[in-house]
Each structure stands twice: as C-alpha cells, then as structure tokens.
Amino acid sequence: MSLLVHRPGLQTTFQDLGRPGLEHLGIATGGAVDRTALRIANWLVGNRDRDLGLEITLLGPELEAETDVVVACTGATLDLRLDGRLVAMGRPLVLRRGSRLDLGAARCGARAYLAVAGGLLADEVLGSRSRHTLANLGTVLERSSRLRCRPRPADLGDAAWSVAGAPPPRAGHTTRLRFVAAEGLGNLLDGARYRVGHDGDRMALRLDLLEGMVTTATTSPGRTTEPVAFGTIQQPPDGRLAILLADRQTTGGYPRLGAIASADRSQLAQLPPGALVVFEAISWAEAVDLAVAHERELAKLELAIALARNRGARLTNTNDPRARA
Amino acid sequence: MLSPTVSTVVVEPLADCAWLLRRHGGADPAASAWARTTAAALRRLELHAVVDVVSAFDTVVVHLDPSRLPSAGRGPALEGLAAELLRLAHDCVDTTPSTARACTLPVQYGGTAGPDLAAVAAALGLSEEDVVDRHCAPTYRVAFLGFLPGFPYLEGLDPSLVLPRRASPRSRVAAGSVAIAANQAGIYPSCSPGGWHLLGRIDPGLALFDPRRDPPNLLAAGDLVRFEPQSR
C-alpha cells in the first residue's frame, strides 16, 4: 500500500517516538517534536502510538493515494484539502485510490503530523525510523518518492467526530510557557517577553528579547559541561534564548535557566516564527504533577478514540440507512 | 551524616522528569569516575520509571517516563525514588577497570586540518610546536560521551592550554576534528556546528560513530586515549 509524493513540503521528515535510552552514547531521543500530536494521529488510524508517521513543518506535502488508505492529520492547523475540498483535521480520513491530499500551509502552530493506517515503512537504525538531523539518521521526504505502509483494510467510513485540542500558538500572539527554574536561580525571565526567531529547527527554538529586562547568567572559562534535556532553556552569550528540542545535543555548557514543563511540551513544539512567549515559573513538584496528569488524560483519550473508531466501523457495516452518521 | 572527606551529592531538577544528581566538590577525575560509575550502576538497576541515565563531569541525570510514575501516593513514592537514587550515588566507588581500553590516534596538526592552532598558540604565547607537544603529552581518559553521537569528552588536558570557547562558533566543523575548549579536549565525530578550537584532524576513515556498527561508538566512557602527531 502506498502514497505518491507530488510535493514534499518545506521540511517533512519521518518521525516516530525516537530512540529513548541512548542519551548516554550521545544520541538524543529525537522523534516527533510534538509527541502528543503524533500519538493522537496514530490512535486515530488504529496504529500503536510509536508507529512511523510524517512530521510536517509550516508547509506540508501533496500526496496521492495509490491504494485505498486511511490517514489522519493532527497538530498545527493546516489548510487541509482532499481533492480540493477543505476537510477537518483530527479525525480518520479515507483516501480512495487516486485521491489527492494537500496538507497546505499552517494557519496556527508549526508542526503537523500525518499518520497512515498500518504505519509507514522505512529503514530502522538504532531502534527507530525517525529522522535525527544532528546525528544524520533517517530520511527526509523527497518529491516523487513513495510512502509505503503496512497493509490495512480501509474499512472505515468517514468519521463524524474529530479530536480537537487547545488552538495552537500563532505569530503575533502570546503563549505562556511554564517552566521549572534551574537550582539556585529564581525566575530570571519574569516580566520578559520573547519572540520566536526564524532560525529555529528540530534542534532548538531560538528567541529574541522583545520587552523587559533579563539578568544574564555569567559564563566562565571553566564552566562544566552537563547533560541537558528536551525543553532546557539556555542563554548563549549572544543574548538570545535557546530552548532545546528533539534533535538537540545531549550535553551543553551554556548557562541554563531551567526547563519547560513536560505538560507544555506541545505548546513549545507548536510555536511558529513570530510567536510571542512569556514564561511562568512553577515548582518542581507541581510540574511533575502536571506531567503525570497529562499522561493520564492521554490514556483516557486513547481509549475514547478506540471506542469511537469501533463504533464507526460497526456502523458502516450495517445496511441500516440511519447508521450513516 | 557524611564524613567531611566524602563529597555531598544532592538531587535537583534538570527538568521535571530529568533528575540531576550533583556531586559537590568540583569537577576532577575522581568526580567524573564517580559520575561514570554511578550512571552505569543506575542503568543496571533497570528501574521501571527510568528511561536513561546520563553522566558528565560531576553530574548524573536520570530521565524518567511520566507515564510510569504512580498517580496515587506520588509524593512519597517520588521521595522514595529520590532517596534510593541518592543512596546509590553516595555508595558508588570507582569501578573503572584498570584494563580499560587504550588507543593512540594519529593526528594531522595545523594547516587546514587544524585552523585554530596558530591562534591558540598566539593567545597562549607559545609556539605551535609547544601547543602540539603539550596536547600530545598526556594520556586522556574518556569521561563521558555527549553533545553528539560518539563525541568523547576527554579529561587530562594540560592546564596551560585552557582557553574559553570561541566567541563565535563555526556553523561547520569538519568530521574528525581534534579540539579543545576550557579544560576539556574532544574529537568531533561528524560534521556539525562547533565552538571549540580546532588543533588538527584524525584519519577520516576512522569512524567514532557508526550507527550500523555494534556498539555504534568507537570510544566508551573510561577508555584511555593518546594523540600522536602524524608527519605530513
């Protein structure tokens, strides 16, 4: 089963949930920057959350189904069109053979995810099929290539329901990110407003100070290198801010102000260039509580999606005309 | 309580689900041996909530999976986990085997292979030959792997070669570049951005990192490394 790539999009890469457990070898986990969005897309098409999908950045690909296939698109709000017709995101979509899906430009947010029922197929390297830009592992989507996926019957009718979360951040609007301050530092970003630069990538978001005063942490020649994490906020000597993302380095020597709360990871992943950001410091304990609660909510969502898909499948199999929701 | 001769280890957040164990008392070979050994010991425990354990000079980071943390009774459970990690970290003694692997890497120093050699020499008031001699003299220990896949952080750099990182990093450092910054020495396994001073280059055929190889990294934490100048 396959889809033909007519247009690859601005930066479209294969992503799953990455390669956890190899940080001590210098290999960051990588994987989808907005993990939650990829997991939901996978659940919508009946995949495991870690199956391979596409990560779309700002402007997406145009694909043609070569066989009947079920897909779902989540994350950044795209101008999504099926054979020219605008369709909603966040639900399973049946593409009949010959249909064209245009993933268009992001109206809000930065990264969208496309899951294909059965999961995409690509070479596995070090336990994952993800594209890791710094380590140069995995692949980028190219024009005229083929997306292959495991065979799955396209037995679903178009869903009458969809999953929608909070609207993603947009350029010119302010997003509040919660973070845990580094030990011994207060909220050095209190009262400051930053703007997301155009030079961010899968390694890190780069931000410029727009308003407010920020205390600069000092750097000394003997500053010791320490491990870093997804969401680590660094203050390089040029006065900008860097927030580390999926393809980051595993250790760093720049002054570290803290790390974005895991519960705000999706918001972080969805910040487009030009978005404005303010930071709110929360306690370590509160951040852990939020992270655990977030996972609990996702577990409930996974179940709800599975039930809705089940109902949809059963409805389309009956002859009862009222069942065509 | 701990005796005054034992360094204190404390736990602090690197991120909400990445707990950092910090050994106070400065970054020296004893500290990095502690970090290496503690990280290996914690990885061997294969605790359910722990995804990975990473070490650096005097820090160990335990990465946790929030979906594996208890939702009920979490406060005491997390305090218990922190206490267990600290207890283990305090009890760790250096178990680096005396038969750790050793290798000698030929290096092409200066010229296009080492574009910063002249500037480093000038900044330190030394000749280029002096810098090369002092860089080659020690036997370095791989403290840990970090920054990039396969990048070794080496300890043992001659204190007379300590310089801050470059004011503006390069967007592209050649693979195999042998570099120094602050009191650290390293080798860039692949082409990447970098802010360290480039003294030379190792044989391009020698892959520090190969994802298809098992294990993927040529060097492991605890290994010993020497450099020798390669005649042109």
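Odds and ends about this structure:
- The alpha carbon radius of gyration of segment A:50-205, expressed as a multiple of 2.2 N^0.38 Å, is 1.22.
- Length-normalised contact order for segment A:10-159 - Cα pairs under 8 Å, 6+ apart - percent: 30 percent
- For segment A:132-189, the gyration tensor built on C-alpha atoms gives an oblate shape. Its axis ratio a/c (a ≥ b ≥ c) is at least 1.5, and a/b is not larger than b/c.
- Accessible surface, 1.4 Å probe, highest first, among residues B:ARG165, A:ARG19, B:ARG23: B:ARG165, B:ARG23, A:ARG19
- The coefficient of translational diffusion for segment A:272-314, derived via Stokes-Einstein from the alpha carbon Kirkwood radius under 10 °C and 1.306 mPa s, stands at 118 µm²/s.
- Per-selection Kirkwood Rh - segment B:24-123 (Cα, Å, 1 d.p.): 16.8 Å
- Rh (Kirkwood; distinct C-alpha pairs) - segment A:229-308, Å: 14.6 Å
- Coordinate range of the alpha-carbon atoms in chain A per principal axis, descending: 71, 37, 34 Å.
- The P(r) of segment B:129-232 has a tail past 23 Å containing 21 percent of all C-alpha pairs.
- Accessible surface of the protein assembly as shown [probe 1.4 Å, protein heavy atoms]: carbon and sulfur percent: 51 percent
- At R0 = 35 Å, FRET efficiency that the Cβ-Cβ distance of A:ALA171 and A:ASP68 yields, to 0.05: 0.40
- Probe 1.4 Å - accessible area at A:GLU211, Å² to nearest ten: 90 Å²
- Summarised in one figure, the compactness ratio Rg/Rh of chain B, Cα atoms and Kirkwood Rh, is 1.02.
- The length gained on full extension between B:VAL51 and B:THR104, counted as 0.36 nm times the residue separation minus their Cα-Cα distance, comes to 15.7 nm.
- Largest-first ordering by accessible area, 1.4 Å probe, given options A:ARG176, B:ARG22: A:ARG176, B:ARG22
- For segment A:287-302, a decrease in accessible area of 30 Å² or greater in the assembled protein chains relative to the isolated chain, with a 1.4 Å probe, applies to A:VAL288, A:ASP289, A:VAL292, A:GLU295, A:ARG296.
- Size of the A/B contact, given as accessible area buried on both chains, probe 1.4 Å, in Å²: 3900 Å²
- Global form of segment A:79-167, assessed from the alpha-carbon gyration tensor, a/c cut-off 1.5: prolate
- Rolling a 1.4 Å probe across the protein heavy atoms gives the protein assembly as shown an accessible surface of 42 Å² per residue.
- For A:ILE40, the accessible surface of its heavy atoms amounts to roughly 20 Å² (probe 1.4 Å, protein chains only, rounded to the nearest 10).
- Those residues of segment B:161-195 whose amide nitrogen sits under 15 Å from the label point placed on B:ALA122, 7 Å along Cα→Cβ: B:167
- Over chain A: helical MRE at 222 nm, DSSP H runs n ≥ 4 each giving -39500 (n - 2.57), nearest 500: -5000 deg cm²/dmol
- For segment A:236-260, residues shielded by at least 50 square angstrom of accessible area compared with the chain on its own, probe 1.4 Å: A:THR251, A:ARG256
- Zero-based 5 Å bins, Cα pair distances in segment A:40-105, whole percents: 4, 19, 28, 29, 18, 3, 0
- Inter-site label distance for B:ASP28 and A:ARG296 at 7 Å from Cα along Cβ, in nm: 4.8 nm
- Normalised per residue, the volume of the convex hull around the Cα set of the protein assembly as shown (Å³): 159 Å³
The values are calculated or read from the model by the stated rules, or taken from the named source; none is laboratory data. Bear in mind the structure is a predicted one, so any value in this text is a computation, not a measurement. For neighbour counting, all protein chains shown are included, and Cβ atoms are generated from backbone atoms with ideal geometry for every residue, glycine included. Calculation scope for accessible area: heavy atoms of the full protein, side chains included, ligands and nucleic acids excluded. Shrake-Rupley method; radii C 1.70, N 1.55, O 1.52, S 1.80 Å.
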